[in-house]
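J.: Take this structure first; my questions come after.
The values are calculated or read from the model by the stated rules, or taken from the named source; none is laboratory data. All of these numbers come straight from a predicted model, not from anything done at the bench. Glycine gets a Cβ as well: all are built from the backbone with ideal geometry, and neighbour counts include every protein chain shown.
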Amino acid sequence: MTQHTLTADAAGTWRLGDRTVNRLGFGAMRLPQTGPALVPDAVPRDRSQAVAVLRRARDLGVNHIDTAAFYFSPLRSANELINTALAPYPDDLVITTKVGPARGPAGDWTAHAGPAELRGQVEENLRQLGRDHLDVVNLRVNGTGSVAERFGALADLRQAGLIRHLGLSNVHPHQLAEAQAVAPVVCVQNRYGIGIRPDHDAFVRACGEQGIAYVPFYSIAATGGQYGRGGAEDPALAAVARAHGVGTAELRLAWTLHRGPNVLAIPGTGDLAHLAANVAAASLRLSAEELAALEAVHRAGE
């Protein structure tokens, strides 16, 4: 019997402005290195391995890739790997990038970009990706203060044709409202997952009501963040995973996709087997009883 290959379209689609993407996408943060990401002493990943993962992701139906110019390690840049693997880009592929944070050549973090520096960051993403415009640019926010001036600078670049759509990352509801008064927002990208920010559940729903995609990051890693998932899992979560014959990482992804039709997943990996497992999570269906058990895990720390 031929085994059916599970693909990224199994969870359905959502729109980012005028672009339609499969809700199971791919995050490029882990591509440039092995081990922890976004650290100065990262160990570069084998280039051919990274390129193979990106091309296989496309084969499996991934048409939404999240990246940034500050995703790099010594010798490797996520954007340039994407360019190598996928250019000339297919018409259905949506590449989302983010600006705001900045790293020096050695990988050390520097001050967030102000309005005047954002154009340079946008142009750097364009150069690395080999594009004449960016599909979606998220303004990565640091803190709870005003976003209007910096978002306005990106809105100007949108008017100039360098950016197609705008989004926000690491934001609170009041910042979304402030940005929407400046220009349309197609997505919010925040840290969220089982047990992570249950206080943002209402924000996830509110985005959906406004037609805005909610894109969790670190939904697999949870508290591990850029260092990856570590430590023992909650027994109830592990039991649901066993019942479906999957790992807890795939279950966390499936739970994310069950949070609403506007929720997109962007798991990242540099491993072909992990990629296949992540994509297969789009096909996983959870019962009402299982969702209730996971809801209890999600809210246990409140």
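J.: Given Ala87, Ala102, Ala69, which one is among the hydrophobic types (A, V, I, L, M, F, W, C), out of contact with any Asp or Glu (no Cβ under 9 Å at 6 or more places or on another chain) and in contact (Cβ under 8 Å) with a residue 12 or more places away in the chain?
T.: Step by step, each of Ala87, Ala102, Ala69 is checked, and only Ala87 is among the hydrophobic types (A, V, I, L, M, F, W, C), out of contact with any Asp or Glu (no Cβ under 9 Å at 6 or more places or on another chain) and in contact (Cβ under 8 Å) with a residue 12 or more places away in the chain.
J.: Select from the range 238-254 the residues that are out of contact with any strand residue (DSSP E or B) (no Cβ under 8 Å at 6 or more places or on another chain), buried (at least 21 other Cβ atoms within 10 Å of the Cβ) and of a type outside the set (Gly, Ala, Ser) and write down the one among them that is farthest from Phe26 (Cα to Cα).
T.: Restricting to residues being out of contact with any strand residue (DSSP E or B) (no Cβ under 8 Å at 6 or more places or on another chain), buried (at least 21 other Cβ atoms within 10 Å of the Cβ) and of a type outside the set (Gly, Ala, Ser), the top hit is Val240.
J.: Filter the range 44-62 down to the residues that are assigned to a loop (DSSP other than H, G, I, E, B), closer than 30 Å to Trp109 by Cα and touching a residue at least 12 places away in the same chain (Cβ under 8 Å) and list them by number.
T.: Arg45
J.: So, in the range 65-76, exactly how many residues are surrounded by 21 or more Cβ atoms within 10 Å (Cβ to Cβ) and either in contact with a helix residue (DSSP H, G or I) (Cβ under 8 Å, 6 or more places away or on another chain) or under 23 Å from Trp14 (Cβ atoms) (or both)?
T.: Residues that pass the stated criteria total 7.
J.: Does Val62 count as in contact with a helix residue (DSSP H, G or I) (Cβ under 8 Å, 6 or more places away or on another chain) and closer than 19 Å to Arg30 by Cβ?
T.: yes
J.: Just to be sure before I move on: is His112 in contact (Cβ under 8 Å) with a residue 24 or more places away in the chain, out of contact with any Asp or Glu (no Cβ under 7 Å at 6 or more places or on another chain) and farther than 19 Å from Leu253 by Cα in the structure I sent?
T.: yes
J.: Now, a different point. Looking at Arg131, Arg140 in this structure, which one is touching a Ser or Thr at 6+ places or on another chain (Cβ under 7 Å) and either among the acidic types (Asp, Glu) or touching a residue at least 12 places away in the same chain (Cβ under 8 Å) (or both)?
T.: Arg140
J.: Next question, about the same structure. Looking only at the range 275-302, which residues are hydroxyl-bearing (Ser, Thr, Tyr) and in contact (Cβ under 8 Å) with a residue 12 or more places away in the chain?
T.: Matches in the range 275-302: Ser283 only.
J.: What number of residues in the range 1-43 are part of a strand (DSSP E or B), surrounded by fewer than 18 Cβ atoms within 10 Å (Cβ to Cβ) and either of a type in the set (Val, Ile, Thr) or modelled with pLDDT under 95 (or both)?
T.: The total comes to 4.
J.: Got a number for residues in the range 266-302 being touching a strand residue (DSSP E or B) at 6+ places or on another chain (Cβ under 8 Å) and either over 30 Å from Ala50 (Cα atoms) or not in a helix (DSSP H, G or I) (or both)?
T.: Residues flagged as touching a strand residue (DSSP E or B) at 6+ places or on another chain (Cβ under 8 Å) and either over 30 Å from Ala50 (Cα atoms) or not in a helix (DSSP H, G or I) (or both) within the range 266-302 amount to 4.
J.: From (1) more than 26 Å from Gln180 (Cα to Cα); (2) at pLDDT 95 or above; (3) out of contact with any Lys or Arg (no Cβ under 9 Å at 6 or more places or on another chain); (4) of a type in the set (A, V, I, L, M), pick out the condition that doesn't hold for Ala106.
T.: So Ala106 meets the others, but not (2).
J.: Still on this structure, please answer the following. Residue under question is Ile65, and the condition is that it be part of a strand (DSSP E or B) and either at pLDDT 95 or above or not small (Gly, Ala, Ser) (or both); does it hold?
T.: Yes.
J.: A further question follows. Test of understanding: among Leu154, Leu166, Leu126, which residue is over 22 Å from Gly270 (Cα atoms), of a type in the set (A, V, I, L, M, F, W, C) and assigned to a strand (DSSP E or B)?
T.: Unique residue meeting the criteria: Leu166.
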